[in-house]
Amino acid sequence: MPELSPARSKTTSSVRSPRRHPEATRRRLRVELGERSYDLNIGAGLLSDPASYAELRGRTLRVVTDVNVAACYLDPVLDALGLTREHACVLPAGELQKTWANAEEVLDWLLAQRIARDGVLIALGGGVIGDLTGFVASIYQRGIAFVQMPTTLLSQVDSSVGGKTGVNHARGKNLIGAFHQPIAVFADTDTLNSLPPRELSAGLAEVIKCAMLGDAGLFARLERDIDALLALDAVALAEAIERCCALKARIVALDERESLAGGPRTLLNLGHTFGHAVETYTKYETWLHGEAVGLGLAMAADLSMRLGWLKADDAERCIRLVERARLPIRPPAGMTPDDFRSLMARDKKVAAGKLRLVLMRSLGEAVTTADFDATALDATLDHFCAAALPVA
Ligand SMILES: NC(=O)c1ccc[n+]([C@@H]2O[C@H](COP(=O)([O-])OP(=O)(O)OC[C@H]3O[C@@H](n4cnc5c(N)ncnc54)[C@H](O)[C@@H]3O)[C@@H](O)[C@H]2O)c1
Ligand SMILES: [Zn+2]
C-alpha cells in the first residue's frame, strides 16, 4: 500500500509541515436524514487506507477528479479501492470547469462503460468536483449513489455535506442542479498538506463562519488553535472539521432542501451577502470565495455590534480572528458603499424588496432578518470602505 504522499508545494516551509497523529485524528459522525442518512469519516490517512472502504466493497466504483488532485491523490485512492486509471475520469481544474459540458462528458464516459444503476460515483477533489460529480450522480439513469472525498478545507467543512449539487450556467453560478445526498463522506486531513495557502485560508473562513453562527465553544478553540490550523496540525484540523460538519449536519437535518424561507439553512450564509457583492465587483477573478466571505464575516460582526446585538469586544474578536486566518478585512481597491448597496440588493436574500441579512445576536448565535436599522448598515459600509485597499 503506497503511503499517501502529497506533493508539497515549493513554497512549503517547516511551519506548514503537519504533526502526524493518525489515530488521534480519526472521527466519525452521522448526518441524520432518515433513509438518506450517511456517515462522515474524518482523519489523517483515510484515503489511502483500504480499511476505510469496507462499506463500498463489492460495488462497481468509478472516480471523478481534476488534474491537480489526480497528480497527488488519484493513484493511492485507486490502489486502496483495487481500481486502475481506467476507472477514473480526470477533468481540468477550476470553477470555470463546473459546466454542463463537463457533466455531459462524465455522463458519456459512464454510458460508454455501461455502468448500471448499482454503480457508485466517487468525487475526489474540491467543491467543484464534488458539486459536478454529485449532480451527474443525481441524473445518471435517474440517480445513482455517490461518495464525497473532499480534498480542500472548504469542501471538507462545507460543500461535501448537505447534498447540494450542480453546475454553473453562463447566467450565473449553481443555476443547474439537484439535491442529492452522498452515501458517505471521507475527509482526509492529509490532503490539505498540498493545498495552496490561500485556499487553506479560504476554507478557514467557512470554519470561522460556523463558529460565529452556531458554536461559541469552537470560536474559543479557533482563537487558541488558529496558528496550529495554518501550520496544518492534523489534530486541530480534524477537531475543527468535525465541529463544523456536526453543525452543518444539524442544520441540514432541520431544513434538508432549504425550503424554509429564512429557515435554519440560510444561517449558513453569514457573511455571504457582503461576500457575494465583493465577488461580483471583482468579477470572480481576483478574490477567492472564502476570502470574500472572510471580509463579509468581519462586516457582519461590525454591523451586529452597531445594532447593539453583539458586544463590541466580541465583534473585535471576530474581526481579529478573520485577520489572523490571513483573510482580508478591507474591501477591494475602489469599492464604495454604493457599490455594496447596489450589488447586495441583487442578492437572492432580498425578500419583498427588503434586504435580508444573516446577523449575529451574540457570539455563536445568528439570525436571518430584514428588520434592522438601515443607517447602521450605512455606517458599516462607510467604515469598511474608508479602509478599502488603495487603488494600484
Ligand atoms: N454544495 C455546496 O453546498 C457548496 C457549498 C460551498 C461551496 N460550494 C462550491 O464549491 C466550489 C468551491 O470549492 P473549492 O474551494 O474546494 O474549489 P475547487 O474545487 O476549485 O478547488 C480549488 C483548487 O484547489 C485544487 N485542489 C483541490 N484539492 C487540492 C489539494 N488537496 N491539493 C492541492 N490542490 C487542490 C483544485 O484543483 C482547484 O484548483 C464552488 O463551485 C462552490 O459553488 C458548494
Ligand atoms: Zn461559502
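On a 0 to 90° scale, report how tilted helix 312-324 is relative to the longest principal axis of the chain, with both axes built from alpha carbons and the result rounded to the nearest 10.
Roughly 40 degrees between the two axes.
Over the Cα atoms of the chain, what Rg and Dmax result, in angstrom?
Radius of gyration, then largest Cα-Cα span, for the chain: 20.5, 61 Å.
Which order do the peptides 248-254, 354-360, 301-307 take when ranked by the mean count of other beta-carbon atoms within 10 Å per residue, highest first?
Numbers: 248-254: 18.3, 354-360: 20.9, 301-307: 23.6.
Taking the mean over residues of other Cβ atoms within 10 Å, the ranking is 301-307, 354-360, 248-254.
Using only the alpha carbons of region 196-392, determine the length spanned along each of the three principal axes and report them from longest to shortest in whole angstroms.
Over region 196-392, Cα extents along the principal axes are 44, 43, 32 Å.
Determine, for 299, 335, 212, the number of other Cβ atoms within 10 Å of each Cβ, and report the residues in order from fewest to most.
Numbers: 299 27, 335 20, 212 30.
Fewest-to-most ranking of 299, 335, 212: 335, 299, 212.
Quick check: the distance between the Cα centres of region 306-378 and region 232-250, to the nearest angstrom?
25
Please arrange 287, 309, 100 by counting, for each residue, the other beta carbons lying within 10 Å of its beta carbon, fewest first.
In order of increasing Cβ crowding within 10 Å: 100, 309, 287.
List residues of region 300-331, by number, whose backbone nitrogen lies under 17 Å from a label position 7 Å along Cα→C-beta of residue 286.
Residues 327-331 fall inside that zone.
Can you pull the one-decimal nm distance between simple spin-label points at residue 386 and residue 24, each 7 Å off the Cα toward Cβ?
4.6
7 Å from Cα along Cα→Cβ at both residue 116 and residue 223: what's the point-to-point distance in nm?
Computed distance between label sites residue 116 and residue 223 equals 5.8 nm.
Near residue 29, within a Cβ-to-Cβ distance under 13 Å, what is the net charge of the other residues, with Lys and Arg +1 and Asp and Glu -1? Please report the intermediate quantities before stating the final value.
Numbers: positive: 26, 27, 28, 30, 243, 248, 250; negative: 32, 39, 239, 242.
Within the 13 Å Cβ shell, the charges total +3.
If each of residue 33 and residue 216 carries a label point 7 Å out from its Cα toward its Cβ, how far apart are those two points in nm?
Spacing of the two 7 Å Cα→Cβ label points: 3.1 nm.
Given a cut-off of 29 Å, name the pairs among 173/311; 98/311; 209/283 whose C-alpha atoms lie farther apart than that in the structure shown. Kindly include the intermediate steps, with their values, before the conclusion.
Details: 173/311 35 Å; 98/311 41 Å; 209/283 23 Å.
From the list (173/311; 98/311; 209/283), the Cα-Cα distance tops 29 Å for 173/311; 98/311.
Looking at the chain, send over the antiparallel percent of its DSSP beta bridges, to the nearest 5.
Details: 17 of 39 bridges.
If I count the DSSP bridges inside the chain, around 45 percent turn out antiparallel.
Placing +1 on the Cβ of each Lys and Arg and -1 on the Cβ of each Asp and Glu in region 110-195, which of 168, 156, 193 has its Cα farthest towards the positive end of the resulting dipole?
168
How big is the charge dipole of region 192-338 about its Cα centre, in debye rounded to the nearest 20, if each Lys and Arg gets +1 on its Cβ and each Asp and Glu gets -1 on its Cβ? Could you put the intermediate results ahead of the total?
On the way: 17 positive and 21 negative charges, 26 e Å.
Dipole of region 192-338, to the nearest 20 debye: 120 debye.
At 0.36 nm per residue, minus the direct Cα-Cα distance, what do residue 95 and residue 176 gain on full extension? Give it in nm, one decimal, please.
On the way: separation 81, 0.36 × 81 = 29.16 nm, distance 1.44 nm.
Result for the pair: 27.7 nm of gain on full extension.
How big is the charge dipole of the chain about its Cα centre, in debye rounded to the nearest 20, if each Lys and Arg gets +1 on its Cβ and each Asp and Glu gets -1 on its Cβ?
Numbers: 45 positive and 48 negative charges, 63 e Å.
The calculated dipole for the chain is roughly 300 debye.
Most exposed first by the Cβ proxy, i.e. fewest other Cβ within 10 Å, how do 272, 383, 180 rank? Walk me through the intermediate numbers first.
Values: 272 24, 383 14, 180 20.
Placing the least packed residue first, the sequence is 383, 180, 272.
Readers should treat all values here as calculations from the given coordinates under stated rules, not as data from a laboratory. Small disclaimer: the values here were computed from a predicted structure and weren't measured. Note: ideal-geometry Cβ built from the backbone for every residue, glycine included; neighbour counts use all protein chains shown.
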